[in-house]
Amino acid sequence: MEDRRAAIEAEEQNIQAEERQAKLEAEERRAQIALEKRKMEMEKAKMEFDLRALEINARSRPPPDSQSTFTVETAAKRLPELASEQELEVYLITFRKIASLNNWPKSQRVSLVIHCSMVLQR
């Protein structure tokens, strides 16, 4: 009878230990979820801050198409290379589209074509 009582007490202790373990694991999961939620909130706040900083920076900068920021060397980097003389017409059409999209000053476009042709001759 005492063996049976000892076995029952041991089983009750095991059950209690398992319950405590389950509670601890549940608390740990809740804490982990809360931590992940906090991390996500902080990441969201950082992204919002970065977005605001970019918006402010964009408003304070002069537009990229202004003539004061145009340089032939910088513009030449945006142009594709002319693969062969047979593709000259396609190249000029492409050049005109890129120049228009970037609002390059028309007065500088000839200089840019000359610059590119000098680079090709090298």
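Read-outs throughout are calculated quantities, based only on the coordinates presented, and are distinct from any laboratory measurement. Because the structure is predicted, anything quoted here is derived from the model rather than measured.
Computed quantities for the displayed model
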item	result
Cross-link partners of LYS97 among lysines (Cα-Cα below 25 Å; sequence separation of 8 or more within a chain)	LYS77, LYS106
Residue-by-residue Karplus 3J(HN,Hα) for the range 22-37, coefficients 6.51, -1.76, 1.60, Hz, glycine and proline x	5, 5, 4, 5, 5, 4, 5, 5, 4, 5, 5, 5, 4, 5, 4, 4
26 Å Cα-Cα reach of LYS46 towards lysines, excluding residues that sit fewer than 8 places from it in its own chain	LYS37
